[in-house]
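Participant: Please find one structure pasted underneath; my questions will follow.
Bear in mind these aren't lab numbers, they're just calculated from the coordinates by the rules spelled out. In this text, all values refer to a predicted model and were calculated from it rather than measured experimentally. Reconstructed Cβ throughout: ideal geometry from the backbone, glycine too, with neighbour counts over all protein chains shown.
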Amino acid sequence: MYQFIYDLTGNVIISTLVTAVFPLVNVLIVALIGVYLERKISAWIQDRVGPNRVGPFGLFQTVADFIKMMQKEDATPTDIDGKLYNLAPVLVFTGCFAAYAAIPFSSQLIGSEVEVGIFFILAVSSFTVAGILMAGWSSNNKYALLGAMRSAAQIVSYEIPTALVVLSMVMLMGTLSLTKISEMQTAYFWNWNILGGATLGLSKFLLIPFMIVGFIIIFISTLAEVNRTPFDIPEAESELVAGYFTEYCGMKWAMFMLAEYGNMFAVSAIVSILFFGGYHSPFGYLGNSLGINWLIPYEQAFWFVAKGWFFILVQMWLRWTLPRLRVDQLMSLCWKYLIPYAVVNLVVIGIISLL
Amino acid sequence: MSLKTETMVLNMGPQHPSTHGVLRLELKIDGELVLDVKPHLGYLHRCFEKHAEAMQYNQVVPYTDRLDYLAAMGNNWGYALAVEKLMGIQVPERVEYIRVIVAELQRIASHQVALGSNAADIGAFTPFLYLFRDREHILSIFEDTCGARMLYNYIWVGGLSHDIHPDFVKKVKEFVSYYKATIIELDNLLSYNKIFIERTANIGVLPLDTAINFGASGPALRGSGIPFDLRRDDPYSIYDRFDFEIPVGKGLQGQVGDCWDRYYVRVREMEQSLRIIEQAIDHIPEGDVQSAIPKRIKPPKGTVYTRIENPRGELGYFIISDGNTNPFRVKVRAPSFVNLEVLGELCKGHLVADVIAILGSIDIVLGEVDR
């Protein structure tokens, strides 16, 4: 992306700045749209109207909320562990925001082209656990503590199936770079990994069922990693008030919220890169057929964002349809079902890729 | 090195999203495991029983609304029945029919809140709003009838405060046919949802003998498998004229008397209430609803106890009259209060999340618990 901006502007400072600010802007935009969509979609699912007062169709509701959050008094409870309490939201937000640096929005639009992109994202998003534990511990609140303990157990457990599925994909593709994984699924949708990848042959057709299993496992476990219903146990509103961020308010609370929506998009992006062709269009490019080369990156960005939002919509749909699992059921789902299936899947994909 | 662990005391309430008002539960927990539950009551105590002694008989009626505020019609009715029995008043047929219809509508509305909040506690927010959407139809019928949506003051001693609205029959019929079809939506969305069953089946099992020993009533008792319903077993008013079934917990998804059974009994009871309304709505006789209201309520000396089947169970009024215009003593047997006592038995050995599910399935209203 640095090169792309540099070619456009010819200015080192501007291109460095734009590249650096790009992930932050992305997180904010995603959260802004995400919160609005969540409200509107939950309203449609629940036979309500949803926000319709601020701006046309209530479009500026999130902006109004954001302004409200910033104006709020930063009330802190007594006897907190001040340093940890203040650091926790920042850490949670950083984990989410750093992941955006390595997500390829198109072949050009990528904050930093890390060779080990998928590994980097898995690593930095684990920051979140530390932040959540800190928030829960420092708040001096039993609900927050319970929420944090649940959350740590949940996120650490669900990282295993996620990592196993990612591992099987990495094994198949032979690279950790997200751009390269996307490039391997180029052109049309039958080249996507969910349909067996780009290489034609027996292995392509053998792979399809295992790819679908892998996709389901990673979708479920990422859902749990970002604490969305039916796995929103750490913040289980009706049991633990608000879980680990019970005692937070104002901007600190908003940072947890931003991180949640940011993470939703980040995991959707990973799923779409690994299985659904990343930024590639399913039907080829308008830019190619018209002979306008500069159009292609924009088209790619459009497809990438569209795929990401599609999975976010599925997450929202699930949230407003399903009840919440209990903490032991959540754990047994992970350890008794997802991890064994993920391991078997890994082995089978390994064998097929040897063929 | 040995690790020392401690049990933690968690104060759930009085400000908590799932304690359905101002109940405070003192949980003794070991990690997530609940060792002991101690409910603390009294945050909503309004001295209803003492107040009643200072008022004339008909002035007590609005106060009864505020006991079980989700089923105010039933509270009015129970009190009116008690005073009528004391004075030997026979109310007109028209009044009886209207009372049955509004009480059954109220039972549906009350169960809708109970089921919805039980679902919302478990994390399913959408069924909650669907149920409230349907409840809105009932509330608007009540609003047409007596001007209030929650605290009706509708059933008076010897009659009703207002006659029904001209559109009443039409609207009730519309609602019955609408809701008969919509109740299936609830079954599809929640009752047979795999996660919901996982969360409620085999949780908070209330054995029949424990239920009887604790004096539980209503869906909490019927969920344990005994078809005890005052509308049939000690019929008051004109309930002996209607044909309806008494749903009981059968342990379809787990053991008999678990949270799912108590939930399911309520769903099926709503259907039976619709059946009763269907049978009654076409037979409301003509007449004056206020003809039997006494000019001056001054019952003879004596005591009376009446009980009716409220949505939450057996609602009893015990009244002592000393021959004055004020009652000498009014005692309410509140079903929520009695049912709540079983909570400690049910929660032991479950997880924190189950306490919420169990509390929701018992369905308490704090206005009635604390009075």
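Participant: Test of understanding: in a Gaussian network model of chain A with alpha carbons linked when under 10 Å, which of A:Phe231, A:Phe245, A:Phe302 would top the mean-square fluctuation ranking?
Facilitator: A:Phe302
Participant: Enter the angle in degrees (range 0 to 90, nearest 10) between the Cα long axis of helix A:127-138 and the first principal axis of the Cα atoms of chain A, meaning the one along which they spread out most.
Facilitator: Tilt of helix A:127-138: around 10 degrees.
Participant: By count of other Cβ within 10 Å, fewest leading, how are B:Met87, B:Met12, A:Met316 ordered?
Facilitator: Lowest count first: B:Met87, A:Met316, B:Met12.
Participant: May I ask for the distance between the Cα centers of the stretch B:78-126 and the stretch A:63-77, given as a whole number of Å?
Facilitator: Taking the Cα centre of the stretch A:63-77 as reference, the centre of the stretch B:78-126 is 44 Å away.
Participant: Explain nothing, just compute: Karplus ³J(HN,Hα) = 6.51 cos²θ - 1.76 cosθ + 1.60, θ = phi - 60°, for every residue of the stretch B:36-45 in order, whole Hz, x for Gly and Pro.
Facilitator: The phi angles translate into 7, 10, 10, x, 10, 10, x, 5, 10, 6 Hz.
Participant: Pick from A:Pro340, A:Pro89, A:Pro161: which is most flexible by mean-square fluctuation in a GNM of chain A where alpha carbon atoms under 10 Å apart are linked?
Facilitator: Per the Cα network of chain A with a 10 Å cutoff, A:Pro340 tops the list.
Participant: What's the magnitude of the charge dipole for the protein assembly as shown around its Cα centre, counting Lys and Arg as +1 and Asp and Glu as -1 at the beta-carbon? Answer in Debye, nearest 20. Intermediate results must be reported in sequence, preceding the final value.
Facilitator: Numbers: 58 positive and 69 negative charges, 71 e Å.
That gives the protein assembly as shown a dipole magnitude of about 340 debye.
Participant: Provide the FRET efficiency to the nearest 0.05 for the B:Asn213-B:Gln255 pair, computing r from the beta carbons and using R0 = 25 Å.
Facilitator: 0.90
Participant: Can you tell me how much longer the chain between B:Phe328 and B:Asp240 gets when fully stretched, taken as 0.36 nm per residue apart minus their C-alpha distance, in nm with one decimal?
Facilitator: 28.5 nm
Participant: Would you mind calculating the gained length between B:Lys348 and B:Glu26 on full extension (0.36 nm times residue separation, minus the Cα-Cα distance), in nm to one decimal?
Facilitator: 114.7 nm
Participant: Check B:Leu25: other-chain or 5+ apart residues with amide H under 5 Å from its amide H, H built from backbone geometry?
Facilitator: The list, which skips near neighbours in sequence, is B:Met12, B:Gly13, B:His40.
Participant: Using Cα centres only, tell me the gap between the stretch A:313-346 and the stretch B:288-367 in whole Å.
Facilitator: A separation of 44 Å, based on Cα centres.
Participant: Of the candidates A:Asp47, A:Asp65, A:Asp232, which one comes out as most mobile in a Gaussian network treatment of chain A with C-alpha springs shorter than 10 Å?
Facilitator: The residue that fluctuates most here is A:Asp47.
Participant: Roughly speaking, what is the centre-to-centre gap between the stretch A:78-117 and the stretch B:143-166 when only Cα atoms are used, to the nearest Å?
Facilitator: Cα centroid of the stretch A:78-117 versus Cα centroid of the stretch B:143-166: 60 Å apart.
Participant: Give, as a single signed number, the net charge of other residues whose beta carbon lies under 14 Å from the beta carbon of B:Ala292, with Lys and Arg counted +1 and Asp and Glu -1.
Facilitator: Its environment carries a net charge of 0.
Participant: Still on this structure, I have one more. Report, in order of residue number, the helices in chain B meeting two criteria: a C-alpha extent of 15 Å or more along the helix axis, and a mean Kyte-Doolittle hydropathy of at least 1.0; treat each whole DSSP H run as one helix.
Facilitator: Long hydrophobic helices here: B:352-362.
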